[in-house]
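Below is one structure, written out as structure tokens; comments come after it.
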Amino acid sequence: MAILPILVAPHPVLKAKAAPVETVDDGVRALMDDMLETMYAAPGIGLAAPQVGVSRRIVVLDVAGKDEPPAPMCLVNPEVIWESEDLNTYEEGCLSVPKQYAEVERPAQVKVRFLDREGAKREIEADGILATCVQHEIDHLDGTLFIDYLSALKRNMILRKVKKEQQRADD
Ligand code: NI
């Protein structure tokens, strides 16, 4: 297992549509293990493969609370197959938009179809923080970041702040 470097916005890989995975093989499982390690180290609750420079439809997440045992999830080729009409607002952040947070409104419940670590077809119903997190991560596979839901003014302000932080870190 290895901790992978996380791409920071704006980066072309973060804006690209990721390719579907054809076979869930050992290479995919190794990548998911590295992504989980990277996510826990960050720390974060979700990570999509494009964020580590791999433009494939793979997501890992763990929304367990601080006092709960870890509950890692690996989703290959995830797709939202149903979403509720009622919406939920969460203050979202993203490891590719470090230290920036903003409220985003999304469907409160979703059904998601995906392949698990063994390549078996699965479906889950998600609500609460899991629903938000899984939608945020699937967005990454289509080149969408949470800041894309904000006004251009707000988005550019956040991108400027991120750029400043990165330059400071490089000094
Ligand atoms: Ni993100």
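Can you give the relative contact order of the range 47-171 as a percent, counting alpha carbon pairs under 8 Å and 6+ residues apart?
Values: 194 pairs, mean separation 29.1, N = 125.
After rounding, I find 23 percent.
Which order do the peptides 86-92, 50-56 come out in when sorted by mean C-beta neighbours inside 10 angstrom, highest first? Working shown, then result.
Numbers: 86-92: 13.7, 50-56: 20.0.
The densest-packed peptide leads the list: 50-56, 86-92.
On average, how much accessible surface per residue is there in the chain, in Å², for a 1.4 Å probe, leaving out ligands, DNA and RNA? Write down the numbers at each step before the final one.
On the way: 9350 Å² over 171 residues.
Heavy-atom accessible area per residue stands at 55 Å².
How would you classify the chain from its alpha-carbon gyration tensor, with a ≥ b ≥ c the square roots of the eigenvalues: rounded for a/c under 1.5, else prolate if a/b is greater than b/c, otherwise oblate?
oblate
Run the reach check for Lys161 against lysines, Cα to Cα strictly under 27 Å, same-chain hits fewer than 8 apart removed. What comes back?
Cα-Cα hits under 27 Å: Lys15, Lys17, Lys99.
By DSSP, what percent of the beta bridges with both residues in the chain are antiparallel, rounded to the nearest 5? Can you show the working numbers first?
On the way: 26 of 27 bridges.
Antiparallel bridges: around 95 percent, rounded to the nearest 5.
Hey, got the dipole for the chain? About the Cα centre, +1 on K and R Cβ, -1 on D and E Cβ, debye to the nearest 20? Walk me through the numbers on the way to the answer.
Values: 20 positive and 29 negative charges, 161 e Å.
Dipole of the chain, to the nearest 20 debye: 780 debye.
Give, in nm to one decimal, the length gained when the segment between Ile3 and Glu68 is fully stretched (0.36 nm per residue of separation minus the Cα-Cα distance). Let's see the in-between values first.
Numbers: separation 65, 0.36 × 65 = 23.40 nm, distance 2.32 nm.
Extending this stretch completely gives an extra 21.1 nm.
Net charge near Gln135: determine it from the other residues with C-beta under 9 Å of the C-beta of Gln135, scoring Lys and Arg +1 and Asp and Glu -1.
Numbers: positive: Arg106; negative: Glu83, Glu137, Asp139.
The answer is -2.
Only helices at least 24 Å long along their axis, Cα-based, and averaging 1.6 or more on Kyte-Doolittle count here, so list those DSSP H runs from the chain.
Working: long enough: 152-170 (27 Å, -1.31).
Going by DSSP H runs, there are no hits.
In a Gaussian network model over the chain where Cα atoms closer than 10 Å are linked, find which of Thr144, Thr38, Thr23 has the largest mean-square fluctuation.
In this elastic network of the chain, the residue with the biggest mean-square fluctuation among Thr144, Thr38, Thr23 is Thr23.
When a/c reaches 1.5 or more, the comparison of a/b and b/c decides; with that in mind, is the range 1-102 rounded, prolate or oblate per its Cα gyration tensor?
It comes out rounded by the Cα gyration axes.
The values are calculated or read from the model by the stated rules, or taken from the named source; none is laboratory data. Please read all numbers here as calculations on a predicted model, not as lab measurements. A quick note on method: Cβ atoms are made from the backbone with ideal geometry, for glycine too, and the neighbour counts reach across all protein chains shown. For accessibility, only protein heavy atoms count, side chains too; no ligands or nucleic acids. Shrake-Rupley method; radii C 1.70, N 1.55, O 1.52, S 1.80 Å.
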